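Worksheet for the structure shown next.
Just so it is clear, none of the values below were taken in a lab; they were calculated from the coordinates. Quick caveat, the model's predicted, so the values are computed rather than measured. So basically every Cβ, Gly included, is an ideal-geometry build from the backbone, and we count neighbours across all protein chains shown.
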Amino acid sequence: MMGRAEQFRKERELLNERILASGSKNIQRFFALDTGVYRAGTLPVKTRELMGLVASLVLRCDDCITYHILRCAEEGVTKAELVEAMEIGLVVGGSIVIPHLRRAWALLEEVGVT
């Protein structure tokens, strides 16, 4: 049985390929912009991904939260760092963020972030 993280990755990759195959220049440009802002600059990738996680929590986007947690794990973000970022997302977003925080926490455990 495939875990949540692996299922998310496979579905995201497949659907992104289909969307980009449409040939829409506007969609391709937006996807490129989205990819580009998470590349290292003055801020390291790790910090950018944590910022993306906070924004995703506040906006209550489970797919985005999942994506940024997986990217944070790939970038070696520690559980303590993720918890601090999640605290900010909770304070900014309020109690409505709690259900998303629960799912995020379960994913942290699934991917073994320590």
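So which trypsin sites (Lys or Arg not before Pro) in segment 1-88 are both in a DSSP loop and have at most 12 other Cβ atoms within 10 Å of their Cβ? Numbers along the way, then the final one.
Working: sites: R4, R9, K10, R12, R18, K25, R29, R39, K46, R48, R60, R71, K79; in loops: R39, R60.
Taking segment 1-88 and a limit of 12 other Cβ atoms within 10 Å, the loop trypsin sites (Lys or Arg not before Pro) found are R39.
Sorting S24, S95, S56 on the 10 Å Cβ count, fewest up front, what's the list?
Starting with the residue having the fewest Cβ neighbours, the order is S95, S24, S56.
What does the extension gain come out to for A80 and T42, with contour length at 0.36 nm per residue minus their alpha carbon separation?
Extra length from A80 to T42 when fully extended: 11.4 nm.
Run the numbers on the chain and let me know its relative contact order in percent, using alpha-carbon pairs under 8 Å that are six or more apart.
29 percent
Net charge near R9, counting Lys/Arg +1 and Asp/Glu -1 over other residues with Cβ under 14 Å of its Cβ?
Computed value for this residue: -3.
Counting only C-alpha contacts under 8 Å and six or more residues apart, can you give the relative contact order of segment 49-114 as a whole percent?
44 percent
Between R60 and D34, what FRET efficiency comes out of the Förster formula 1/(1 + (r/R0)^6) with R0 = 25 Å and r the beta carbon distance, rounded to 0.05?
The computed FRET efficiency comes out at 0.85.
Summing -39500 (n - 2.57) over the DSSP H runs of n ≥ 4 in the chain and dividing by its residue number, what mean residue ellipticity at 222 nm do you reach, to the nearest 500 deg cm²/dmol?
Result for the chain, helices only: -24500 deg cm²/dmol.
Using Cβ-Cβ distances only, list the Cys residues of the chain with no partner cysteine under 4.7 Å, sorted by number.
Taking the Cβ cut-off of 4.7 Å, the unpaired cysteines of the chain are C72.
I'd like the FRET efficiency for I98 and I19, computed as 1/(1 + (r/R0)^6) with the beta carbon distance as r and R0 of 30 Å, rounded to 0.05.
With a Förster radius of 30 Å, E is 0.45.
Using a cut-off of 11 Å between beta-carbons, work out the net charge of the residues near P99 (Lys and Arg +1, Asp and Glu -1, P99 not included).
Around P99, the charge tally is +2.
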